[in-house]
Amino acid sequence: MRPSHHDLLRHVGLRVTAPRLAVLEVVEASPHADADTVRSRVVDRLGAVSTQAVYDILHTLTDAGILRRTEPAGSPSRYEIATGDNHHHLVCRGCGDVVDVPCAVGETPCLHASDDRGFLIDSAEVIYWGYCPSCLSNSAS
């Protein structure tokens, strides 16, 4: 069972505030949302919350390891709850949709670079690019 949002914040030493909880709720409900989408939905929930406050919260929660930020090329940063499961992402070149995909082979082969140049590798981000079924269907029409 996953810890509550309150527990996640407390575990990393952060105060539990309504804006932080709202950001976590929005990101959990809409994985891969960009900052503007998160901000809009937080404002819908709480009313007046500054754009800067939402950006600061996203940054703080990412630094604390509660959120994971993915930055597909040519696209704004996207946020999701960090699960530590080493999943990767598929990004549609047509509509920009982002979906999770498990690591290519059971374990974590992507953490074993052919030449690590002395780095201790603890994570890898793989983004697969292509076209989603909807965009493929629309282009065939």
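Table for the structure above
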{"item": "Check on LEU61, closer than 24 Å to SER4 by Cβ and either surrounded by 13 or more Cβ atoms within 10 Å (Cβ to Cβ) or at pLDDT below 85 (or both)", "result": "yes"}
{"item": "Residues (among the charged types (D, E, K, R), closer than 20 Å to LEU8 by Cα and either without any contact (Cβ under 8 Å) to a residue 12 or more places away in the chain or outside any strand (DSSP E or B) (or both)) located in segment 59-71", "result": "ASP63, ARG69"}
{"item": "Scan of segment 30-58 for residues that are without any contact (Cβ under 8 Å) to a residue 12 or more places away in the chain, in a helix (DSSP H, G or I) and not polar (S, T, N, Q), ordered by number", "result": "VAL43, ASP44, ASP56"}
{"item": "Positions within segment 7-27 being farther than 16 Å from THR51 by Cα and assigned to a helix (DSSP H, G or I), in sequence order", "result": "ASP7, LEU8, LEU9, ARG10, HIS11, GLU25"}
{"item": "Members of segment 29-51 that are within 14 Å of LEU67 (Cα to Cα) and either surrounded by 13 or more Cβ atoms within 10 Å (Cβ to Cβ) or touching a Cys at 6+ places or on another chain (Cβ under 7 Å) (or both)", "result": "SER30, PRO31, HIS32, ALA33, ASP34, ALA35, VAL38"}
{"item": "From VAL23, VAL54, residue being at pLDDT 90 or above, within 13 Å of the chain's Cα centre (by Cα) and surrounded by 13 or more Cβ atoms within 10 Å (Cβ to Cβ)", "result": "VAL23"}
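The values are calculated or read from the model by the stated rules, or taken from the named source; none is laboratory data. Note that the coordinates shown come from a computational prediction; the quantities given were computed from them, not determined experimentally. No Cβ is skipped: glycine too gets one built from the backbone with ideal geometry, and neighbour counts run over all protein chains shown.
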